[in-house]
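Beneath this line is the structure, given in structure tokens, with notes to follow.
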Amino acid sequence: MTDQSYNFAYLDEQTKRMIRRAILKGLAIPGYQVPFASREMPMPYGWGTGGVQVSAATLTPSDTLKVIDQGADDTTNAVSIRKFFERTADVATTTATSDATVIQTRHRIPEEELSEDQILVYQVPIPEPLRFLEPRETETRKMHALEEYGLMHVKLYEDIARHGHIATSYAYPVKVEGRYVMDPSPIPKFDNPKMEMAAIQLFGAGREQRIYALPPYTKVVSLDFDDHPFEASKAPQDCALCGASDSYLDEVITDDDGSRMFVCSDTDYCEKRREGQAA
Amino acid sequence: MQAHLLEGGFDDAPRAASFAFRALMNAMARPGRIEWIEGACPPAPISAAAGAVLLTLADGDTPIHLAGVCDRDDLRGWLAFHTGAPLVGPGEAVFAIGRWEDLLPLDAYPIGTAEYPDRSTTLIVDHAELANTGARLTGPGIETETRFALPDPLSFARNARLFPLGLDFYFTNGSQLAALPRSTRIG
């Protein structure tokens, strides 16, 4: 049931036009962060205000929405955003990756390969990959303009000097089409190779007021060195529930004695596999 | 103002605009692919697709340049009522609309700056030929390669060389459109 006191998908039309223009420029310049006038949303920063605004500007009444938080459909953040759009846009929702046309995600890419008819919307906390190396926006903007990314390689090199390997395990920087260095949002680096996909990928950072995008099949290369090539790592176990050896795993502490198990972070993937085994 | 200028907008603006935007986004994300876009009935001489692009994206924040025969009272009045967008010359335009030959020369439009490459004009080439023949396109959004009938491939190749600066294009005809962002390589 749509709440009729809201415009379709919550945002007013002028706001949606502004966001839509930013999305289109983002798609035209893959990896470049387009500034946009982010609005106050009825949820705090850090809960996906950027992703929600991008989804609101993207959803049509005939879409089917899926929302995941670290791969799970049933965590607070995912449930509340799904309910938000059920109420304000009256869209169908699902937890099945293959049934969804728009997927809003916090920090994961679904295990199941996405198709041309799907759109993946990322919630992004800090869109600027250089921010922790250079706090001034005026400087990072210049660095992007001049394609001056040496500092990022120094950071990865320091990882190697200190740990013997590149220890960055999430929000692993990528270079898009050989031009812009981009923060893939805090997805595990296990997901980085999946970013060259058939679906459209949109990134929204609400507090930082940035939108960026990747058209399908855009070349996305994780930064590395010849002698320390990029490696998409995961826990060296199989899922304790479905036995999958190819999916990204969460470590779950099961009691006060430190017992633990590793299970698929993508709940839909894990459930589908277990259903398949039971049948 | 004549009453007919008040008509021809989206029937149910939020929903119609959402469908129209989906077509615009799919087109921009997959250069050269032809999409349907419906819901607008603009006055002559612009096509329904071009009208829908402007209804979906233009408002008081987006100056529009009407090129050549598009610069007519009917269209000015229609845009003023439905979008409120100011009309300007090519040098300040966020959107420019017209036939290809009327939109030229391309160097009259802003291509963005090194720090803000998004501050560039999007050109709507109306009554363009939409066909997947001719110039070979590669780049983001295209799996291997595709073909599109560009009016003057050399101009677009020159624009692509400016990347990340440059102009972005929509080609409209009837109720169909296709896009060519600056990121697409020609030939």
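Could you tell me what fraction of 2.2 N^0.38 Å the Cα radius of gyration of the range A:99-230 comes to, as a two-decimal ratio? Let's see the in-between values first.
Numbers: Rg = 14.9 Å, N = 132, 2.2 N^0.38 = 14.1 Å.
Rounded to two decimals, the normalised Rg is 1.06.
I'd like the Kirkwood hydrodynamic radius of the protein assembly as shown, using the inverse of the mean 1/r over distinct C-alpha pairs, in Å. Intermediate values should be presented prior to the final figure.
Details: mean 1/r = 0.0432 Å⁻¹.
When all Cα pairs of the protein assembly as shown are included, the Kirkwood radius is 23.1 Å.
Answer with one residue from B:148, A:10, B:43: the one whose Cα lies farthest towards the positive end of the charge dipole of the protein assembly as shown, charges on Cβ with Lys, Arg +1 and Asp, Glu -1.
Checked the options; the winner is B:43.
Using only Cα atoms, find the angle between the long axis of helix B:13-29 and the longest principal axis of chain B, and express it within 0 to 90 degrees, rounded to the nearest 10.
Approximately 20 degrees, to the nearest ten.
How big is the C-alpha Rg of the range B:6-57 next to the rule-of-thumb value 2.2 N^0.38 Å, as a ratio? Can you show the working numbers first?
On the way: Rg = 10.8 Å, N = 52, 2.2 N^0.38 = 9.9 Å.
For the range B:6-57, the normalised Cα radius of gyration comes out at 1.09.
How big is the accessible area of residue A:165 in square angstrom, nearest 10, if you roll a 1.4 angstrom probe over the protein chains?
Surface accessible to solvent at residue A:165 totals approximately 100 Å².
What percent antiparallel are the DSSP beta bridges of the range B:3-186, to the nearest 5?
Details: 13 of 26 bridges.
Restricted to the range B:3-186, the bridges split so that about 50 percent are antiparallel.
Which whole number gives the average count of other chain Cβ atoms within 10 Å of the Cβ atoms across peptide B:173-185? Can you show the working numbers first?
Details: counts 0, 0, 0, 0, 0, 0, 3, 1, 7, 3, 11, 2, 0.
Other-chain Cβ atoms within 10 Å of each residue's Cβ, averaged: 2.
Report the semi-axes of the equivalent ellipsoid for the range A:35-186 in whole Å, largest first, where each axis is √(5λ) for an eigenvalue λ of the Cα gyration tensor. Mind dumping the intermediate values first?
Details: eigenvalues 204, 63, 41 Å².
They are 32, 18, 14 Å, listed from largest to smallest.
Beta carbons within 10 angstrom, averaged per residue: use that to sort the peptides A:6-18, A:113-125, highest first. Don't skip to the end; give the middle numbers.
Details: A:6-18: 19.2, A:113-125: 20.8.
The densest-packed peptide leads the list: A:113-125, A:6-18.
Per residue of A:12-22, what is the mean number of Cβ atoms on other protein chains within 10 angstrom of that residue's Cβ? If you can, show how the numbers build up before the last one.
Numbers: counts 1, 7, 4, 0, 5, 11, 4, 1, 9, 12, 1.
That works out to 5 on average.
Quick one: putting +1 on the C-beta of Lys and Arg, -1 on the C-beta of Asp and Glu, what dipole do you get for the protein assembly as shown around its Cα centre, in Debye to the nearest 20?
880 debye
Once you wrap a convex hull around the alpha carbon atoms of the range B:51-102, what is its projected area averaged over all directions, in nm²? Spell out each step's value before the answer.
Values: hull surface 13.0 nm².
Taking the Cα atoms of the range B:51-102, their convex hull projects to 3.3 nm² on average.
Note down the Stokes-Einstein diffusion coefficient of the range A:166-272 in µm²/s, whole number, using a Kirkwood radius over alpha carbon pairs, 4 °C, and 1.567 mPa s.
Numbers: Rh = 15.8 Å.
Reported coefficient: 82 µm²/s.
For the range B:1-97, take the alpha-carbon Rg, divide it by the Kirkwood Rh, and send me Rg/Rh. Display every interim value, and only then the final one.
Values: Rg = 13.0 Å, Rh = 13.7 Å.
The Rg/Rh ratio comes out at 0.95.
Quick check: from the Cα gyration tensor, does chain A come out rounded (a/c under 1.5), prolate or oblate? Working shown, then result.
Details: a/c = 1.78, a/b = 1.05, b/c = 1.70.
Oblate is the answer for chain A, as a/c is 1.5 or above yet b/c matches or exceeds a/b.
Report the extension gain between residue B:132 and residue B:2 in nm, rounded to one decimal, defined as 0.36 nm multiplied by the number of residues separating them, less their alpha carbon distance.
Details: separation 130, 0.36 × 130 = 46.80 nm, distance 4.00 nm.
Fully extending the segment from residue B:132 to residue B:2 adds 42.8 nm.
Give me the inter-chain shielding for B:53-61: mean count of other chain Cβ atoms within 10 Å, whole number please. Please list the in-between numbers first.
Numbers: counts 0, 0, 1, 6, 5, 2, 5, 2, 5.
The mean count of partner-chain Cβ atoms within 10 Å per residue comes to 3.
Tell me what chain A gives for mean residue ellipticity at 222 nm when only DSSP H runs of n ≥ 4 count, each as -39,500 (n - 2.57), the sum divided by the residue total, rounded to 500 deg cm²/dmol. Provide the component values of the computation, followed by the final result.
Details: 6 runs with 75 residues, N = 279.
Taken over chain A, the calculation gives -8500 deg cm²/dmol.
Averaging sequence separations of C-alpha pairs under 8 Å and six or more residues apart, then dividing by the length of chain B, give the relative contact order as a whole percent.
Once divided by the residue count of chain B, the mean separation gives 24 percent.
Can you tell me what percent of all Cα-Cα pairs in the range A:183-243 are more than 20 Å apart? It would help to have the intermediate numbers written out before the result.
Details: 806 of 1830 pairs.
So the portion of pairs separated by more than 20 Å is 44 percent.
Quick one: P(r) of the range B:3-186 from all Cα-Cα pairs, 10 Å bins, percents rounded to integers, in order of increasing distance.
Bins of 10 Å from zero give 10, 40, 37, 12, 1 percent of pairs.
Taking a probe of 1.4 Å, how large is the accessible area per residue of the range B:1-118, in Å²? Please list the in-between numbers first.
Working: 4740 Å² over 118 residues.
Spelled out: the 1.4 Å probe surface of the range B:1-118, per residue, equals 40 Å².
Count the DSSP beta bridges whose two residues both fall in chain A, then state the antiparallel fraction as a percent rounded to the nearest 5. Please list the in-between numbers first.
Numbers: 22 of 38 bridges.
If we restrict to bridges inside chain A, about 60 percent are antiparallel.
Per 10 Å bin, what percent of the C-alpha pairs of the range B:71-141 does each bin hold, from zero upward?
The distribution over the range B:71-141 is 16, 38, 34, 12, given as percents.
Multiply the residue separation of residue A:133 and residue A:233 by 0.36 nm, subtract the distance between their alpha-carbon atoms, and state the gained length in nm to one decimal. Present the calculation step by step, with values, prior to reporting the outcome.
On the way: separation 100, 0.36 × 100 = 36.00 nm, distance 2.42 nm.
Result for the pair: 33.6 nm of gain on full extension.
Report, to the nearest 10°, how far helix B:48-57 tilts away from the longest principal axis of the Cα atoms in chain B, using its own Cα long axis and a range of 0 to 90°.
Approximately 90 degrees, to the nearest 10.
Per-residue ellipticity at 222 nm for chain B, helices alone: DSSP H runs ≥ 4 residues times -39500 (n - 2.57), over residue total, nearest 500 deg cm²/dmol?
On the way: 5 runs with 50 residues, N = 187.
So the calculated ellipticity at 222 nm is -8000 deg cm²/dmol.
For the ranges A:253-259, B:13-19, what's the packing order if you count other beta-carbon atoms within 10 Å of each residue, average per peptide, and put the highest first?
Values: A:253-259: 8.0, B:13-19: 20.0.
So the peptides A:253-259, B:13-19, ranked by packing, come out B:13-19, A:253-259.
The values are calculated or read from the model by the stated rules, or taken from the named source; none is laboratory data. What you are looking at is a predicted structure, and each value in this text was computed from that prediction instead of being measured. Here the Cβ is made from the backbone with ideal geometry for all residues, glycine too, and neighbour counts use every protein chain on show. In case anyone asks, the SASA skips ligands and DNA or RNA and just uses the protein heavy atoms, side chains included. Shrake-Rupley method; radii C 1.70, N 1.55, O 1.52, S 1.80 Å.
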